[in-house]
Amino acid sequence: MNPLVVIPARLAAARLPNKPLADIHGVPMIVHVWRRAVEADIGPVVVACADRPILDAIEHAGGKAVMTDPDHPSGSDRVWDAVKQVDPGARHDVVVNVQGDVPTLEGALIRRSLDPLAMCAETDIATLVCKIVDPADIDRPSVPKPAIAWHGDGIGRCLYFSRSTIPYGPGPLYFHIGLYAYRRAALQRFVALPPGELERRESLEQLRALEAGMRIDAALVETVPLGVDTPEDLEQARRMLAP
């Protein structure tokens, strides 16, 4: 595999305006995320920007960024826009989509996302999950939960994702982490698909892929990286990244 890491970022955010530029110990949050992606050391890293100040922040830090259409409906569309710009010759056969609001993300998690693709040639998209340990997360709609058919080495096939508690019955439940590694052809196909009925009902983009018959496999990890969505999350990130 020859991966390309792409971080989509835009300033518009309902609960935390200008989130990518939020200051964390003198460094914009998007730069922290870019640094984590570089530390993963799996391939080139590019930030797909919807707004010029994000591009300026990344270039000031020494990174690569490109401008994308600000009207893209999703991060996946923004990622594909950037891929076409920076790799028109299709040299990279895997695209890793890292969210721009996870400044505490460990490079090991990014590397782990490649394992399902390496294990099975039929896997179109790989992602990450972690066992739910906080009982409050079990019924929390903001925590998407996958139903997984495990097949060894902590890797399994995702059969469904829901904001409801699935699967029913005794046994572990899993927290879906929104980091994706796509085979390039799968990403190209995915962004061309219309939104599906299940996607609209659950408000989970990955269901579009499942409805279209694409295969998503997940790798089990031990920790869930902090996603920054609110001022409280930002303060927690600052504490976690304190020098």
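None of the figures in this text is laboratory data; all of them are computed from the coordinates on show. Because the structure is predicted, anything quoted here is derived from the model rather than measured. Counting neighbours? That spans all protein chains shown, and the Cβs are built from the backbone with ideal geometry, glycine included.
Values as computed for the structure displayed
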| quantity | calculated |
| --- | --- |
| Ordering of 179-186, 35-42, 148-155, 73-80 by burial proxy (mean other Cβ atoms within 10 Å per residue, highest first) | 179-186, 73-80, 35-42, 148-155 |
| Karplus (6.51, -1.76, 1.60) ³J(HN,Hα), θ = phi - 60°, over the stretch 154-167, in Hz, Gly and Pro reported as x | x, 10, x, 8, 7, 8, 6, 10, 8, 7, 7, 7, 9, x |
| Gained length - residue 11 relative to residue 139, 0.36 nm times residue gap less alpha-carbon distance | 43.1 nm |
| Computed over the stretch 3-237: relative contact order in percent, which uses C-alpha pairs under 8 Å that are six or more apart | 22 |
| Nearest-20 debye value, the chain charge dipole, Cβ charges on Lys, Arg, Asp, Glu | 200 |
| Under 5 Å, built H, 5+ apart or other chain: amide partners of residue 128 | 177, 179, 219 |
| Amide hydrogen neighbours beyond the local backbone of residue 93, cut-off 5 Å, H modeled | 2 |
| Pairwise centroid distance, computed over Cα atoms, of the stretch 78-117 with the stretch 3-45, Å | 12 |
| Computed [θ] at 222 nm, helices only, for the chain once each DSSP H run of length n ≥ 4 contributes -39500 (n - 2.57) | -8500 deg cm²/dmol |
| Per-pair calculated FRET efficiency, R0 = 35 Å: residue 122 and residue 168 via Cβ, rounded to 0.05 | 0.80 |
| Correct choice for Cα extents along the principal axes in Å that was computed from the model, options (i) 48, 44, 37; (ii) 50, 42, 33; (iii) 61, 38, 33 | (ii) |
| Cα convex hull of the stretch 1-127, projected area averaged across orientations, nm² | 7.8 |
